[in-house]
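J.: Have a look at this one before I ask anything.
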Amino acid sequence: MIVMKLGGTSIEDAAAISNACDIIKSRSKQKPIVVLSAAAGVTNALIRCAELAALGKRAESEVILREKIIERHYTIIANLIQGLREQDLLIRQFKSYDEELRSLIYGISITGDLSPRVIDFVMAYGERMSTAIVTEALREAKVRAELMDSRHLMITNSSFGRAEPLLEPTREACEKLIRPRVEKGIIPIMQGFIGANAQGVTTTLGRGGSDFSAAVIGTVMHADDIEIWTDVDGMLTADPNIVPTALRIREMSFREASELAYFGAKVLHPSTLLPAIEKDIPVHILNSRRPQVHGTLIKAQIDPANVPVKSISYKRGITILNISSTRMLGSYGFMKKI
Ligand code: ADP
Ligand code: ASP
Ligand code: MG
């Protein structure tokens with residue numbers, strides 16, 4: 001069994017989704033569980049809608065909802081799904097998403113209240129939408145895919161906006177709902193990034209959290225491999241937006257990769273590797289635009305002959321203060337004053 005996570009750019013339009021379906025199909029013998037992000041840009045658009053609503057700009061918010069979210073998905077459905085009945089069912093589903101989001105915008109604009117709990121609920125639509133479409137596209141490609149609701153699988157605490165997965169209840173839920181399906185040859189399609197607390201209230205794991213979702217699911221299910229499919233060839237020697245000539249790193253240790261992720265290499269959510277380390281599950285970073293490239297393998301032990309410095313990452317908005325004191329003798333409370 002493997003877990004495959006596909007990021008937003010890997011499912012951003014009809015062509016990308018059809019390519020993603022080929023990749024998923026190519027792995028069907030390995031019994032994949034598929035974890036998906038929202039289509040690229042959709043989470044940001046949902047946040048914008050909520051923020052505008054909270055400022056009382058309901059009409060502007062509804063324009064973004066229509067143009068950047070609903071119509072975008074309608075275009076994907078029209079260009080991707082062949083069956084008219086299936087198209088129709090999906091469009092009906094999206095009509096209710098549209099209505100629900102409009103009601104939410106209305107509610108937020110009246111109360112002006114945008115709590116982390118509300119914003120989590122709004123953001124969750126992005127992943128719910130992408131998974132609905134990809135499941136249907138896989139079915140048309142004769143794959144036995146089934147849409148799951150991660151809010152019944154990824155059980156978290158109630159820290160809205162950066163909820164922490166609770167491994168034991170998540171494991172129990174996955175054993176009950178995911179394992180039997182995988183054993184029957186079904187490919188479960190679930191939302192990354194979102195979950196729910198014990199009361200069933202929607203939570204999210206923090207921006208970029210779908211990588212983390214994949215790792216948690218891989219860990220509780222004892223997967224053989226966790227594949228993170230994205231838009232670059234793997235973990236690179238630097239951020240390619242800043243250093244376009246950055247090179248792919250073939251192998252790295254969990255420690256190296258988590259340090260890089262923590263210090264700004266956006267290709268992995270910083271918490272991703274923690275659960276994988278515990279169960280020693282290899283993590284592959286792969287390029288959905290160039291699936292033939294071997295990507296980066298992250299595992300516990302790597303060849304000691306490997307170069308010691310692999311990659312440079314950086315974080316914006318950090319200030320380092322060097323503080324020195326000439327006279328510390330008896331200067332009680334110095335650190336506190338600082
Ligand atoms: P996804 O939507 O698939 O999760 P992200 O945008 O979150 O993708 O992460 C992939 C991006 O991370 C790359 O397109 C690249 O711009 C950026 N990135 C930053 N640092 C690195 C690095 N060291 N190696 C690879 N990619 C990096
Ligand atoms: N869609 C979420 C985000 O944009 C999660 C993810 O893509 O990993 O932050
Ligand atoms: Mg990401």
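J.: Out of the residues in region 1-15 meeting the condition of being within 17 Å of residue 128 (Cα to Cα) and open to solvent by 20 Å² or more (accessible area, probe 1.4 Å), tell me which one is nearest to ligand 1 (Cβ to nearest atom).
T.: That would be 9.
J.: Looking at (1) surrounded by 18 or more Cβ atoms within 10 Å (Cβ to Cβ); (2) more than 16 Å from ligand 3 (Cβ to nearest atom), can you tell me which one residue 184 breaks?
T.: All conditions pass for residue 184, except number (1).
J.: Looking at region 235-266 only, could you name the residues that are in contact with a helix residue (DSSP H, G or I) (Cβ under 6 Å, 6 or more places away or on another chain) and away from ligand 3 (no atom under 16 Å from the Cβ)?
T.: 254
J.: One residue is enough: does region 151-160 have a residue meeting the conditions open to solvent by less than 40 Å² (accessible area, probe 1.4 Å), touching a helix residue (DSSP H, G or I) at 6+ places or on another chain (Cβ under 7 Å), at pLDDT 95 or above and not hydrophobic (A, V, I, L, M, F, W, C)?
T.: Within region 151-160, none of the residues are open to solvent by less than 40 Å² (accessible area, probe 1.4 Å), touching a helix residue (DSSP H, G or I) at 6+ places or on another chain (Cβ under 7 Å), at pLDDT 95 or above and not hydrophobic (A, V, I, L, M, F, W, C).
J.: Please specify each residue of region 98-123 satisfying the condition of being in contact with a Lys or Arg (Cβ under 8 Å, 6 or more places away or on another chain) and among the small types (Gly, Ala, Ser).
T.: The one that is in contact with a Lys or Arg (Cβ under 8 Å, 6 or more places away or on another chain) and among the small types (Gly, Ala, Ser): 109.
J.: Quickly run through region 18-50 and pick out the residues that are within 14 Å of residue 287 (Cα to Cα) and within 16 Å of ligand 1 (Cβ to nearest atom).
T.: Selection gives 19, 20, 23, 24.
J.: Turning to a different aspect of this structure: Out of region 225-259, which residues are of a type in the set (Asp, Glu) and over 20 Å from the mean Cα position of the chain (by Cα)?
T.: 251, 256
J.: Something else now. Within region 189-296, considering only strands (runs of 3 or more DSSP E) that don't extend past its boundaries, which have at least 2 residues that are surrounded by 17 or more Cβ atoms within 10 Å (Cβ to Cβ) and within 16 Å of ligand 2 (Cβ to nearest atom)?
T.: Once the strands (runs of 3 or more DSSP E) in region 189-296 are filtered for at least 2 residues that are surrounded by 17 or more Cβ atoms within 10 Å (Cβ to Cβ) and within 16 Å of ligand 2 (Cβ to nearest atom), what remains is 194-196, 202-204, 225-230, 283-287.
J.: Follow-up question, since we're still on this one. From the residues in region 209-242 that are among the polar types (S, T, N, Q) and within 6 Å of ligand 1 (Cβ to nearest atom), which one is farthest from residue 180 (Cα to Cα)?
T.: Top of the filtered list is 241.
J.: Would you be able to say whether some residue in region 131-140 is farther than 19 Å from residue 14 by Cα, open to solvent by less than 80 Å² (accessible area, probe 1.4 Å) and not in a loop (DSSP other than H, G, I, E, B)?
T.: No, the conditions are met nowhere in region 131-140.
J.: Here is a further query. Within 16 Å of ligand 1 (Cβ to nearest atom) and on the phi < 0 side of the Ramachandran plot, is that true of residue 281?
T.: no
J.: Moving to a separate point now. Collect the residues in region 16-59 that are open to solvent by less than 10 Å² (accessible area, probe 1.4 Å), under 20 Å from residue 140 (Cβ atoms) and among the small types (Gly, Ala, Ser), keeping them in residue-number order.
T.: Those that are open to solvent by less than 10 Å² (accessible area, probe 1.4 Å), under 20 Å from residue 140 (Cβ atoms) and among the small types (Gly, Ala, Ser): 20, 39.
The values are calculated or read from the model by the stated rules, or taken from the named source; none is laboratory data. Predicted, not measured: the structure shown is a model, and the values here were computed from it. In this analysis, Cβ positions are derived from the backbone assuming ideal geometry, glycine residues included, and neighbour counts consider all displayed protein chains. Heavy atoms of the whole protein, side chains included, go into the accessibility calculation; ligands, DNA and RNA do not. Shrake-Rupley method; radii C 1.70, N 1.55, O 1.52, S 1.80 Å.
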